[in-house]
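Before any comments, here is the structure.
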């Protein structure tokens, strides 16, 4: 139905680079980087990869995890102690080679990833703006304001479930440009009690991004009794910056948001060999380039591998040749769970990943293109799929005082909070250009695959990430909130406060209550799409102003709408919205089409009042 909506909407009115996303998982209750070329990964069947050396492998050798790394370096190139030869290596490459030389052997993929992304002098995130169309990738908040607004709806819902405390820490991990927080605060500014309770904490290690966030939040310094404080003009809330979550003050309930944060945490990669699981490492080859090697002995990260395998079970592990584990994700989750358990509140994690063991996902993206992860370190973003099952286990293992919900798809998450209503409201008073931007952004947030309405160049077609990104919530059991249970109440109620009330909540001037007339294809299609999230019966009355039988049965339709208050009645003029009538195959008037969750269950052709009423009675309770 979403596809039909967007196809039809394009007939009435006429952007972002292609994206690549992992599979999704759905359960009760959460970057990918925009790219357009073939993917390179660290993946490698070791014997066949040009970047990997197979080290000695003795399948009979039995070893136990130790704190040291033993590797066969007999074939490695050992550069002279000192050379006056010029080199074109970047400072980061020199630094990485220096670490390997100092260690006397290779470093883990996790160490390489951490240096490449967050090295203070040359790390990818540290000294540049990497987000948006002009950067290396595009994230959901950069796609549409609706994303941050819907996250704000979730935060307000949790705050209400907590009993509306007077003081709350609102924490965002890895805020990027600050777009998500800015849209959240702007959308929530009408909830004065909520915004007045907040102290915003931005956990960001990049000085460059901190400056961008300061600008995006429209921060100003103001005098207070004990000195100065920084305040966002968007909602008059104080704002602080920290390098780590541990630096954020404790003792107050916390609402923690981690959007596209976990995917940048360093991962250790393991490959199955004859002797068992061996960690993949990075060394320097004879030609002075980087290459992958396998450790011949268990490494410290093997302890985390053992834990992950225990959580998964032998059957799942037996099918895999590669496994990625992320100790920092496990530790961060435990820190979050402990804080939520002791201080109250909850955390929302949205990222791309799997609800199970991640095999071999590490990827590098430069200027929206996939590149080799060992090529020119520091010039490309490195990220890996998030293991949501590991997040769940880590949270539940550390504390029995928290409850974990999800993951569910981003489309389900945003739909449950009212994004359809919000999008519908935004189409009411917008220009052609704004409409195109809104439609593209909406599709990228909740759609799947290439946008069916796109008529421009293939390489610029909007790609839906709605089923690829996953959402998970960790909440204090005493303040538990089920997004699925709150779907219709919170979605329609809170969205209405940011301009997104459902179309059928009130009749337009001159209309009878209970019957909604649609005069815009875009508005109708958004309403139809939102109907898929509801169990209500929807009756569409296709009529025309010149149709006598239509005028004859109209009073009866209004009477039915008053009688069956649990049924939605919509009216469409076939001359005004001919494309909608064609979509439903309407050939005579009046025609009444009955829908449940967006699918047709029956129809009545002609002014047959009794037949229509019987069918409404039949399907409304199914």
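A few remarks follow.
- Just one of (1) in contact with a strand residue (DSSP E or B) (Cβ under 9 Å, 6 or more places away or on another chain); (2) assigned to a helix (DSSP H, G or I); (3) more than 28 Å from residue 469 (Cα to Cα) fails for residue 235. It is (2).
- Conditions (1) at positive phi; (2) in contact with a helix residue (DSSP H, G or I) (Cβ under 6 Å, 6 or more places away or on another chain); number of the one not met by residue 345: (2)
- Test: residue in region 390-401 that is surrounded by fewer than 21 Cβ atoms within 10 Å (Cβ to Cβ), closer than 19 Å to residue 114 by Cβ and more than 20 Å from the chain's Cα centre (by Cα): no
- Apart from one condition, residue 312 fits all of (1) modelled with pLDDT of 95 or more; (2) buried (at least 18 other Cβ atoms within 10 Å of the Cβ); the exception is (1).
- Listing of strands (runs of 3 or more DSSP E) fully contained in region 410-485 that carry 2 or more residues being touching a helix residue (DSSP H, G or I) at 6+ places or on another chain (Cβ under 7 Å) and within 21 Å of residue 354 (Cα to Cα): 463-465, 469-476
- Residue count, region 321-334 (criterion: closer than 18 Å to residue 360 by Cβ and either in contact with a helix residue (DSSP H, G or I) (Cβ under 9 Å, 6 or more places away or on another chain) or crowded, with 23+ Cβ neighbours inside 10 Å (or both)): 6
- Test: residue in region 150-165 that is at positive phi and crowded, with 24+ Cβ neighbours inside 10 Å: no
- Residue within region 196-210 that is in contact with a helix residue (DSSP H, G or I) (Cβ under 6 Å, 6 or more places away or on another chain), in a helix (DSSP H, G or I) and at pLDDT below 95 present: no
- When restricted to residues that are in contact with a strand residue (DSSP E or B) (Cβ under 9 Å, 6 or more places away or on another chain), surrounded by fewer than 23 Cβ atoms within 10 Å (Cβ to Cβ) and in a helix (DSSP H, G or I), region 515-526 contains 0.
- Listed by position, the strands (runs of 3 or more DSSP E) inside region 292-404 whose residues that are within 30 Å of residue 88 (Cα to Cα) number at least 1 are 363-366, 369-371, 381-383.
- Residue list for region 604-622, filter: more than 17 Å from residue 561 (Cα to Cα) and surrounded by 15 or more Cβ atoms within 10 Å (Cβ to Cβ): 605
- Against the criterion of being more than 30 Å from residue 218 (Cα to Cα), out of contact with any strand residue (DSSP E or B) (no Cβ under 7 Å at 6 or more places or on another chain) and in a strand (DSSP E or B), residue 280 does not qualify.
- Residue in region 251-274 that is closer than 22 Å to residue 338 by Cα, modelled with pLDDT of 95 or more, out of contact with any strand residue (DSSP E or B) (no Cβ under 6 Å at 6 or more places or on another chain) and surrounded by fewer than 21 Cβ atoms within 10 Å (Cβ to Cβ) present: yes
Every residue, every condition in (1) closer than 23 Å to residue 443 by Cα; (2) part of a helix (DSSP H, G or I), yes or no:
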| site | (1), (2) |
| --- | --- |
| 146 | yes, yes |
| 150 | yes, yes |
| 153 | yes, yes |
| 159 | no, yes |
| 165 | no, no |
| 172 | no, no |
| 181 | yes, yes |
| 222 | no, no |
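- Residue list for region 238-277, filter: in a strand (DSSP E or B) and touching a helix residue (DSSP H, G or I) at 6+ places or on another chain (Cβ under 7 Å): 241, 254, 255, 256, 257, 259, 268, 269, 270, 271, 277
The values are calculated or read from the model by the stated rules, or taken from the named source; none is laboratory data. This one's a predicted model, so the numbers in the text were calculated from it and none came from an experiment. With ideal geometry, Cβ positions are generated from the backbone for all residues, glycine too; neighbour counts draw on all protein chains shown.
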